[in-house]
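A.B. asks: One structure, as structure tokens, below. Some questions next.
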Amino acid sequence: MSFVLNNYQQISLFDSLGFLSERKQRILDKSWAKPFSDYIFKNIDEMMFAPLYSDKRNSRPNAPINVIVGALILKELNGLTDDEIIEECEFDFRYQYALHTTSFENQPLSDRTFSRFRERNAAYELATGKDLIHDCIVSLSENIRKYMDINPSFKRMDSMMIESNIRKMGRLELLYTCLANLVHEISKDGHKDLIDGLEEYKNPDNRNRVVYHDRTTPQDKKLQKIIDDAVALLPKCREDYECTDDYQLLERTINEQTKDGNNGTRLPKTKEDGMPSDILQNPSDPDATYRFKASKSHKGYSANVVEAVNEKGSVVIDYQYDVNTRSDASFVREYIENTEYAEEPVTLIADGAYAGEENTKLASNKNITLMTTGLKGRKPREIFGQFDVDETGKVITSCPAGNKPKSSSYIRQTDAVRVSFYRSQCEGCPYQSQCNPELKERTATFHVPLKSRRRILESTEIMDDELRTLIGKIRNGVETVPSVIRNKYLVDKMPVRGKLKIKQFFGFKVAALNVSKLIRYTQGKLKCRTFKMA
């Protein structure tokens, strides 16, 4: 399929747009279609997607890229499916007006247009590592930001968990499903000799019987039988099926869920053996990872959004997407590294999870001030900033009174340092009431939270309580982005699985959020309440 630009956007003599009544034209101008047509569709860069298609001119041309991208954004904006957006484009004049297809006798979209476009983008990113959809949406977001006159010098950042659309599986069901999938594939190819004795795994009703209904056989025996069957099958079919997904998933599950036993056998791992968070959760989505956060278990991915904000409103100018084991600190580090040097000073506000001396220095080199604050903007105890640390940043060398500690130990789980002084050093010290150490018979102990210490040092110029509260309120405003994407755009119920596929849907949902902000801005409804209250 060859790449061709969409040059058929000029209104024809018999375009239906020219036959609208005054009333209908007035209604159209007030709808979402006009700002989308004027500020979104015209700014979609088709050349960005040229690498997805052949440069030969003797093959069938592609469907118009700007129509595809625009339709996918409208699909998320209005909560439609692929089939529904095609129907709307055929019968709803607003969609045709927004996509500049009012002159088309037949709309240039089919029931496979969107899925083929997404497949091409996923294959291209897999081969090159370049996400064209992300680049396109970031470019559109920048145009929206400029039109809304939002200064990019004030940004805020937040992350969110995104659930994969998969069912929770126990170890028994996971192993059984992976083995049954491979047996079914081998049986479909007619290689019955390879699955001799494993015919029961071909029966779709057998899984529920083994996993749920069979109460007579102990759980450990059922699990060991499945492991033994899988271990016996893998070497027999390696030559013919080693490159298939089902073979690789079964082999991966055996390696992750079992350990070496006696006489070459494999035994189930125990809690003492440990289970990494990137083990297979469900064969339907091999990319999904596990994370326990805020007393909840998550299976899926995480996203990070960057929002430019001022008194005129806000717009998401960038986003990142990865497995949910990715830390917030690594998200902000990657964002800063990929950001060009700012000619004018930029302030980036985030919560404490993004803090780190390395990130702060990296941001400073790009003329960016990284401010990390608590959710409510509370001011930490200033005494934390007066404790000196060594070059590693994890050993206390002296207290505010200049005393050297008896001992200092770093606690990785809480990112704090437990420091111990002689009791005589703390008794009568002018800082004793601020430190409030735990006095023992011979020693006095004290915990220094390193995150709080960094916040004190990083915000020495923002010691005014009123300004600190304002900074906290500005940061809190970005919490609405994950909430809206989750509740309005249903980010946890995507109809696809896999990191690359879900990331594409997430990108279009971010674009839809920005378009909704643009529409409210054109209607004079978008303001930032935080700046207004200030």
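A.B. asks: Consider Ser164 carefully, then state whether it is in contact with an Asp or Glu (Cβ under 8 Å, 6 or more places away or on another chain), over 27 Å from Glu256 (Cα atoms) and not acidic (Asp, Glu).
C.D. replies: For Ser164, the condition - in contact with an Asp or Glu (Cβ under 8 Å, 6 or more places away or on another chain), over 27 Å from Glu256 (Cα atoms) and not acidic (Asp, Glu) - is not met.
A.B. asks: Can you give me the ranges of the strands (runs of 3 or more DSSP E) entirely in the stretch 303-410 with at least 3 residues that are surrounded by 22 or more Cβ atoms within 10 Å (Cβ to Cβ)?
C.D. replies: 313-323, 346-351, 368-373
A.B. asks: Could you check the stretch 226-252 and list, in sequence order, the residues that are assigned to a helix (DSSP H, G or I) and either among the polar types (S, T, N, Q) or open to solvent by 90 Å² or more (accessible area, probe 1.4 Å) (or both)?
C.D. replies: Lys236, Arg238, Glu239, Asp240, Asp245, Gln248
A.B. asks: Looking for something touching a Cys at 6+ places or on another chain (Cβ under 6 Å), part of a helix (DSSP H, G or I) and open to solvent by 30 Å² or more (accessible area, probe 1.4 Å) - is there at least one such residue anywhere in the stretch 69-87?
C.D. replies: Checked against the condition, which is being touching a Cys at 6+ places or on another chain (Cβ under 6 Å), part of a helix (DSSP H, G or I) and open to solvent by 30 Å² or more (accessible area, probe 1.4 Å), the stretch 69-87 yields no hits at all.
A.B. asks: Which ones in the stretch 186-223 are touching a Cys at 6+ places or on another chain (Cβ under 9 Å) and open to solvent by less than 60 Å² (accessible area, probe 1.4 Å)?
C.D. replies: Ile186, Leu194, Ile195
A.B. asks: Please go through the stretch 136-185 and pick out each residue that is more than 23 Å from the chain's Cα centre (by Cα), outside any helix (DSSP H, G or I) and within 30 Å of Pro35 (Cα to Cα).
C.D. replies: Listed by number, the residues that qualify are Met148, Asp149, Ile150, Asn151, Ser153.
A.B. asks: How many residues, within the stretch 31-61, are at pLDDT below 90 and open to solvent by 50 Å² or more (accessible area, probe 1.4 Å)?
C.D. replies: 6
A.B. asks: Starting from the stretch 406-424, take each residue that is within 17 Å of Phe384 (Cβ to Cβ) and free of Cβ contacts under 8 Å to residues at least 40 places away in the same chain and list its partners that are part of a helix (DSSP H, G or I) and open to solvent by 50 Å² or more (accessible area, probe 1.4 Å), counting only C-beta distances under 9 angstrom and pairs at least six apart or across chains.
C.D. replies: Sorted first by the residue in the stretch 406-424, then by its partner, the pairs are Asp415/Lys451; Ala416/Lys451.
A.B. asks: Let me ask you something else. Return the residues of the stretch 490-518 that are β-branched (Val, Ile, Thr) and surrounded by 19 or more Cβ atoms within 10 Å (Cβ to Cβ); say none if nothing qualifies.
C.D. replies: The answer is Val491, Ile502, Val510, Val515.
A.B. asks: Collect the residues in the stretch 271-302 that are open to solvent by less than 10 Å² (accessible area, probe 1.4 Å) and part of a loop (DSSP other than H, G, I, E, B), keeping them in residue-number order.
C.D. replies: Hits for the stretch 271-302 are Leu280, Asn282, Asp285, Ala288.
A.B. asks: Quick check on the stretch 94-135: of everything there that is hydroxyl-bearing (Ser, Thr, Tyr) and outside any helix (DSSP H, G or I), which residue is farthest from Lys499 (Cα to Cα)?
C.D. replies: Ser103
A.B. asks: For Met47, all conditions in the list (1) farther than 21 Å from Lys503 by Cβ; (2) assigned to a loop (DSSP other than H, G, I, E, B) hold save one; what is the number of the exception?
C.D. replies: The failed condition is (2).
A.B. asks: Let me ask something else. Using the structure shown, decide if Tyr431 is aromatic (Phe, Trp, Tyr) and open to solvent by less than 80 Å² (accessible area, probe 1.4 Å).
C.D. replies: Against the criterion (aromatic (Phe, Trp, Tyr) and open to solvent by less than 80 Å² (accessible area, probe 1.4 Å)), Tyr431 qualifies.
A.B. asks: Check Leu457 against each of (1) open to solvent by 60 Å² or more (accessible area, probe 1.4 Å); (2) outside any helix (DSSP H, G or I) and name the one condition it does not meet.
C.D. replies: Of (1) open to solvent by 60 Å² or more (accessible area, probe 1.4 Å); (2) outside any helix (DSSP H, G or I), only one is false for Leu457: (2).
A.B. asks: Let me ask something else about it. Considering each of Gln320, Gln257 in turn, give the residue that is of a type outside the set (Phe, Trp, Tyr) and within 19 Å of the chain's Cα centre (by Cα).
C.D. replies: Gln320
A.B. asks: Can you name the condition, by its number, that Arg418 falls short on among (1) surrounded by 18 or more Cβ atoms within 10 Å (Cβ to Cβ); (2) outside any loop (DSSP other than H, G, I, E, B)?
C.D. replies: The number of the failed condition is (1).
The values are calculated or read from the model by the stated rules, or taken from the named source; none is laboratory data. All values reported here derive from a predicted model rather than from experimental measurement. For neighbour counting, all protein chains shown are included, and Cβ atoms are generated from backbone atoms with ideal geometry for every residue, glycine included. To get the accessible areas, we keep the full protein, side chains included, count just its heavy atoms, and leave off ligands, DNA and RNA. Shrake-Rupley method; radii C 1.70, N 1.55, O 1.52, S 1.80 Å.
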